[in-house]
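Data block below; observations after.
The values are calculated or read from the model by the stated rules, or taken from the named source; none is laboratory data. Because the structure is a prediction, the values reported are computed rather than measured. A quick note on method: Cβ atoms are made from the backbone with ideal geometry, for glycine too, and the neighbour counts reach across all protein chains shown. Areas reflect the complete protein model, heavy atoms only, side chains present, ligands, DNA and RNA absent. Shrake-Rupley method; radii C 1.70, N 1.55, O 1.52, S 1.80 Å.
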Amino acid sequence: MTHYQKLLKISTTGKSFYNITAKIEATVAESGVETGLCTLFLRHTSASLVIQENADPDVLVDLANFMAKLVPESAKYIHDAEGSDDMPAHIRTALTQTSEHIPINRGHLVLGTWQGIYIWEHRQRNHLRELVVHISG
């Protein structure tokens, strides 16, 4: 079995969804793996990974609006060392996920027609996020 691992550094510029599908596809191509599994792990507690709609941007807007209502920044949290978005970002990450597993077939990710891979930044300020891509096959 072949293993290939790469650390990607992704700059974010505040709360939003960052489509990283092309970066992951390029890493899969670099690996040379034709059939296998791509594991993604985001090394942070205030951003998350999601596989979501990549055709209609309104879906991402609705998700962000829903999460803002579910976990408001205006609530009183004990942990606020880095500002009002600090604890809400941790809660949002706990409700989503920091890892994903995607099959590889014929050297490509087996994603659905309308699926994209996103880093969902939950903080208001810029960050450099680290994503471990591990490919086995």
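A few remarks follow.
- Residues in segment 81-90 that are within 22 Å of GLU130 (Cβ to Cβ), open to solvent by less than 80 Å² (accessible area, probe 1.4 Å) and over 15 Å from the mean Cα position of the chain (by Cα): GLY83, ASP85, ASP86, MET87, PRO88.
- Residue among TYR4, TYR18 that alone is part of a strand (DSSP E or B), surrounded by 12 or more Cβ atoms within 10 Å (Cβ to Cβ) and in contact with a helix residue (DSSP H, G or I) (Cβ under 8 Å, 6 or more places away or on another chain): TYR4
- Applying the condition of being touching a strand residue (DSSP E or B) at 6+ places or on another chain (Cβ under 9 Å) and over 14 Å from VAL50 (Cα atoms) to segment 102-118 and asking which residue is surrounded by the most Cβ atoms within 10 Å (Cβ to Cβ) yields ILE104.
- Taking residues in segment 120-137 that are closer than 11 Å to HIS44 by Cα and of a type in the set (Asp, Glu), and partners anywhere that are open to solvent by less than 30 Å² (accessible area, probe 1.4 Å) and at pLDDT 95 or above, the pairs with Cβ atoms closer than 7 Å and at least 6 places apart or on different chains are GLU121/THR12; GLU121/GLY14; GLU121/ALA47.
- Residue match in segment 64-76 (condition: under 20 Å from SER11 (Cα atoms), open to solvent by 50 Å² or more (accessible area, probe 1.4 Å) and out of contact with any His (no Cβ under 6 Å at 6 or more places or on another chain)): no
- Among the residues of segment 94-110, the ones that are under 15 Å from the mean Cα position of the chain (by Cα) and in contact (Cβ under 8 Å) with a residue 24 or more places away in the chain come to 8 in all.
- Selection status of GLU53, in contact with a helix residue (DSSP H, G or I) (Cβ under 7 Å, 6 or more places away or on another chain) and modelled with pLDDT of 95 or more: yes
- Among the residues of segment 41-59, those identified as out of contact with any Asp or Glu (no Cβ under 7 Å at 6 or more places or on another chain) and either open to solvent by 80 Å² or more (accessible area, probe 1.4 Å) or more than 17 Å from ILE10 (Cα to Cα) (or both) are PHE41, THR45, GLN52, GLU53, ASN54, ALA55, ASP56, PRO57, ASP58.
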